[in-house]
Amino acid sequence: MILVLLGTQNNSFHRLLEEIERLLQNKVINEEVIVQAGYTKYDSKSIKILDFISNKELEELQKKADLIITHGGVGSIITSIEMGKKVIAVPRLHEYGEHVNNHQKEIVEKFHKNGNIIGIQSVGELEEAIKKVKEFNPIPYTKNNSNMLEIIEKFIDDINHKTKKEF
């Protein structure tokens with residue numbers, strides 16, 4: 001089973017589900033796909049979509065999943081890799097109205113460079129990532145708060161810089 005985590009952002013991440021639907025139709029994905037969609041509204045006959053679920057339900061689905069495809073949220077990535085799951089992460093992007101900025105690109109890139117996940121920067125790379133995931137052996141996650149602190153500080157600096165420009 002493939003679990004897709006879109007988080008609980010109040011913006012849609014429609015384009016990721018459209019690509020998963022395409023991969024199902026083209027038989028690149030042959031497993032059951034379950035989506036934790038949050039605010040993303042999407043109709044599908046081939047994908048099981050759950051809007052909001054409890055943390056306990058989410059944990060059970062993560063345990064059962066063979067692969068987790070997630071947005072670039074730190075919580076979704078870390079909880080999945082701490083369970084020893086293979087993870088493909090795709091950042092929500094500002095230019096598509098999926099997030100307030102592009103900080104998820106940096107998060108995905110960092111975990112990818114560390115070897116914890118397969119990080120991709122666009123949904124168009126998903127098919128290749130799914131083909132690679134069978135041979136992918138993730139490096140176990142070790143907490144490194146200084147690196148995450150750097151990402152958070154940069155995010156805050158970027159917001160402050162943009163706010164100053166607006167005045």
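Filter the range 1-25 for residues that are without any contact (Cβ under 8 Å) to a residue 60 or more places away in the chain and in a loop (DSSP other than H, G, I, E, B); which is farthest from I69 (Cα to Cα)? Only one residue tops the list, namely N10. Looking across the range 43-67, the residues that are free of Cβ contacts under 8 Å to residues at least 12 places away in the same chain and part of a loop (DSSP other than H, G, I, E, B) come down to D43, K45, S54.
Of these, S12, S44, S80, which one is small (G, A, S) and crowded, with 21+ Cβ neighbours inside 10 Å? Give the steps one after another, and end with the answer.
On the way: S12 fails: crowded, with 21+ Cβ neighbours inside 10 Å; S44 fails: crowded, with 21+ Cβ neighbours inside 10 Å.
Answer to the check: S80.
Please count how many residues of the range 26-42 are in a loop (DSSP other than H, G, I, E, B), over 14 Å from L126 (Cα atoms) and among the β-branched types (V, I, T). The total comes to 1. In the range 15-41, of all residues being closer than 21 Å to K85 by Cβ and among the charged types (D, E, K, R), the one that is surrounded by the fewest Cβ atoms within 10 Å (Cβ to Cβ) corresponds to E31. Scanning the range 57-76 for residues that are modelled with pLDDT under 95 and either within 16 Å of S12 (Cβ to Cβ) or loosely packed, with under 11 Cβ neighbours inside 10 Å (or both) yields a count of 3.
The values are calculated or read from the model by the stated rules, or taken from the named source; none is laboratory data. This one's a predicted model, so the numbers in the text were calculated from it and none came from an experiment. Ideal geometry is used to build each Cβ from the backbone, glycine not excepted, and the neighbour counts take in all protein chains shown.
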